[in-house]
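Comments concern the structure below.
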């Protein structure tokens, strides 16, 4: 028999490459990221113990890691999978657009930016709201342009659906993840009737009201969509809605 | 951006830690800057801890979990120690104290649920061997690893620490919290038992 101690020594095995990064991620000394599928193709999803911190179209890993270091001053390590619970929430958001309640880590953003993103995350899939709506909702009416900037700088696109916030005239406007056209693609994938939406927008319709309830809302809102054609009233702005006796 | 953050960031390149700190210099480095030095501690010890845990538990998945847990606990413990105590730490033994405890607790849990079989994939690494030798050595190694995983805990832990991870008897004794004479006897009995099992298996 060969020397038993030598054979025992040969049982040494190097730790799998993912193990040290996983340890550092768990101690909070590095954050981690994994690749997930999305309607726009694979995306990198970085996360901290608090939630998703950065999302981008999957490309060169070292560039994504460098961008992360530059932005957060922390290491970023690739892992095979997101933690189970986070993975379920992220895949719901990326797959079906159910973005509500996905944990995000918005550390480093201003209070205003974070408020904009948190409100945008509440817009249901397949619906859109104008920038001004977000501004009013977070108690900063008139700050439409700042809302636009905050959404353009969204570090976690798709997970916070900045694609559901559009121009006041109903046109989709710009989009930061890849091409502007991706915004339309995402909304279509979520079930928005893009042609119908654009036809209404082109006619100058900003709201739809119901002549039975006297309530009006944004055209893509699920309540507005329930109004039957016979009772649907097209409204160009708040003032004319109020004049016609509608309430929001 | 903080200089500290910049510096820490620069130690990662594609997930690897750049620029090693030798194990001997690590207690002082950890006492001065726990977060900065901890990745070096992980890098210095992770292969040994993983190998030992793999051979103590006989399962890759369990070894990965236990190794992670040991380092996470070590990191948290360092946060509660005063710098003087950190400077005095014998790091390999200290991390092994944590890891061996976790492995033993894991063993006890598994003893209560005996239906869990050993991982047949827990084959040994065979650094430096060619493909042919590799296949041969793997088959032999797998058998040895299986016998090892069936030794009584005290013998298995002592044999693994002494001969798989290469700790000295003094280090094994400190890691397991037992007298040197006892671990020597455990290693001796463990090797005897392994030889017997290997001969019977032929």
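The values are calculated or read from the model by the stated rules, or taken from the named source; none is laboratory data. This structure is a prediction, so every number in the text was calculated from the model and none was measured. So basically every Cβ, Gly included, is an ideal-geometry build from the backbone, and we count neighbours across all protein chains shown.
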Query raised in the report: What are the residues in the range B:185-202 that are under 24 Å from residue B:45 (Cβ atoms) and away from every other protein chain (no Cβ under 12 Å), if any?
Result: B:186
Query raised in the report: What residue, among those in the range B:160-169 that are within 7 Å of chain A (Cβ to nearest Cβ) and part of a helix (DSSP H, G or I), is farthest from the chain's Cα centre (by Cα)?
Result: B:163
Query raised in the report: Considering only helices (runs of 4 or more DSSP H) fully contained in the range A:3-79, which possess at least 2 residues that are within 12 Å of chain B (Cβ to nearest Cβ) and touching a helix residue (DSSP H, G or I) at 6+ places or on another chain (Cβ under 6 Å)?
Result: A:4-9, A:19-26
Query raised in the report: Where in the range B:31-109 are the helices (runs of 4 or more DSSP H), entirely inside, with at least 1 residues that are closer than 17 Å to residue A:19 by Cα and more than 10 Å from chain A (Cβ to nearest Cβ)?
Result: B:34-57, B:60-80
Requested in this report: Output the number of the condition that residue A:85 fails; it satisfies all remaining conditions of (1) crowded, with 17+ Cβ neighbours inside 10 Å; (2) away from chain B (no Cβ under 14 Å); (3) not in a loop (DSSP other than H, G, I, E, B).
Outcome: (1)
Query - Of all residues making up the range A:97-109, the number that are touching a residue at least 40 places away in the same chain (Cβ under 8 Å) and either assigned to a helix (DSSP H, G or I) or farther than 30 Å from residue A:205 by Cα (or both) - result: 7
**Report entry** One residue from A:174, A:222, A:118, A:136 being outside the structural domain of residue A:53 (by TED's automatic domain parsing), more than 17 Å from residue A:238 (Cα to Cα) and either surrounded by 19 or more Cβ atoms within 10 Å (Cβ to Cβ) or modelled with pLDDT of 90 or more (or both)
**Finding:** A:118
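Residue by residue, here is whether (1) in contact with a strand residue (DSSP E or B) (Cβ under 8 Å, 6 or more places away or on another chain); (2) closer than 15 Å to residue A:123 by Cα holds:
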site	(1), (2)
A:164	yes, yes
A:178	yes, no
A:190	no, yes
A:197	no, no
A:233	yes, no
Requested in this report: May I ask you to list the residues in the range A:127-139 that are in contact with a helix residue (DSSP H, G or I) (Cβ under 7 Å, 6 or more places away or on another chain) and not in a helix (DSSP H, G or I)?
Outcome: A:127, A:128, A:129, A:138
Query raised in the report: Applying the selection to the range A:211-231, what residues are in contact with a strand residue (DSSP E or B) (Cβ under 8 Å, 6 or more places away or on another chain), free of Cβ contacts under 8 Å to residues at least 60 places away in the same chain and either assigned to a loop (DSSP other than H, G, I, E, B) or within 18 Å of residue A:132 (Cα to Cα) (or both)?
Result: A:211, A:214, A:216, A:217, A:219, A:227
